[in-house]
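Here, each number is a calculation from the coordinates, and none is a lab measurement. What you see is a predicted model, and the numbers here were worked out from it, not measured in a lab. Every residue, glycine among them, receives a Cβ derived from its backbone with ideal geometry; neighbour counts consider all protein chains shown.
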Amino acid sequence: MPDLFISEEKARSGLLDAAAFLGERINSSDGHAEAMLAVVPLMLGRGDVDLAAELSNAVDDPYTRDRLLGRVASACAENDDDEYALQLADAVEDEGLRQQTFEAIGVIKAAKGQFEAAREAAALTPHPDFVFAVIADSAEAADNVDAMSAAIDAIEFPAAIVAAYHRIAVRSITAGDLEKAVAMLEKAAAAADGIEHAEERIGAVCDIAAASIDARRNDLAIRLYDSAMKEALELGNVHTDSLLAACALGFCRAGSEELSEKALDEIRDKVQMSYALLGIAREEWRRELKDTAKETLEDAFAVVESQPDHEIRDSRSRNDLMATIAVQFAGFGDTARAVSAARANLDDDQREAALGQIARILLIQNERDEIGAVVDEIETPLARVFAYAAMADLEIENGRIDEAKAFLAAAADESASIPQPQARAIAFAEIAERASAIGDAASADAAATQQIAAVAEIKDASARATALARLSNIYRDAPPPASVTVEVNNLIDKAVF
């Protein structure tokens, strides 16, 4: 068993400490690691960095230990405890993750304008180029041209030079300085020529082209996409179709239907073809070509649905795309088509998630009378809870608290019918968090009581600790109700005896 840092007395003082207490007493290496993945970020959130570091370091699973130490190190860098951040990064055992952690620290310091600290972290990794890219961006934002130039001159990896210029360009577009943005994009395009790997080079050119459209330089975008398309066709490997799909959509956004059609004609993979058509449909809708957009979206669905099993490279991506298209039908105002498209999805989770999103879109469109029928299409109670919770979020965002409470009440009714304790705990957590956020303490306490009762039924120790950690978020600033405290103390008693 790893070292223990939470005493029984401390565990009884707060829910997060109780979760950590349960988690660090799990004998299974995997279970202990899973529990700490839930606990450590919350420890950081409450500012207990030292304990978070100790809990992370005690994890037996080396990959999880290193990931958690890296996360704590990044939190220290954010809080300007740079010396401790570097110490923690150095404690990461895996060479690759250690270098990533030093790089992450450098990027954080660079983004904050703390260039010396960024360079110190960069010096500890053999590949500091992306740290210098962020230094260049931050320096340019501060009108420190010399520091920007010095940072770019220090970069050896062409992709990082592209990233530096691209970051500056995107920020300039946001600020409305399109002239500067275009100048940076042209420099990025020139630097992209030096990227060694063709797939990465073509992808970078497509990203630059997309930003050129945002900078209102469609001519530059078309030229870049044309170059990318030609090189993608020469590539002739598994990446070709996804790159051509990016070009097809880019040409459409830049106003060249002819070149868009040309790129589409070259795509062989039906999923990538469908991705491109989905993006084109959205662009047509944005241009108020609504009938055309609906036809294009139908084409997108027909293409991906027609893909025979032996051609499917990634069933998860295909099902995800089908769900996205189904939701887009709702966004285009065709609820019946949206539901029928969602029904066609063979993946249960994707199908039910899509139906939940369709219900949320109906709420956005103020088509409240249709919501019930769509939710009724969702088979599992937990998925219905997620749908109601998402709609409650929307009501909360718009200040409609009574309507949000109604959705949370419907979610509570569904939650009570869930037989599996772990799923039931998740469902009541969704309700408790939102009820607490709107100041409905009574509903939050009621849901939390149901949640902790479900937690007590969970057989898996890591799932219990994870659920308890989540519950702690609700009671960061106030004690939980007695009903919750009693159940938590019972869990602690069982762990002790």
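Observations, loosely collected:
- Centre-to-centre separation between the Cα atoms of the range 11-81 and those of the range 434-468: 21 Å.
- Using only alpha carbons, the range 275-333 has a radius of gyration to Kirkwood radius ratio (Rg to Rh) of 1.01.
- Solvent-free Debye scattering, log10 I(q)/I(0), computed from the Cα coordinates of the range 269-374 at q = 0.09, 0.17, 0.21 Å⁻¹: -0.21, -0.73, -1.06
- Among Ser260, Ile135, Val339 - extreme Cα towards positive end, dipole of the chain, charges at beta-carbon: Val339
- Sorting 114-125, 462-473, 168-179, 230-241 by average packing, meaning the other beta carbons within 10 Å per residue, from highest down gives 462-473, 114-125, 168-179, 230-241.
- Once you divide the Cα radius of gyration of the range 23-167 by 2.2 N^0.38 Å, the number left is 1.14.
- Once Rg and the Kirkwood radius are both taken over the C-alpha atoms of the chain, their ratio Rg/Rh works out to 1.01.
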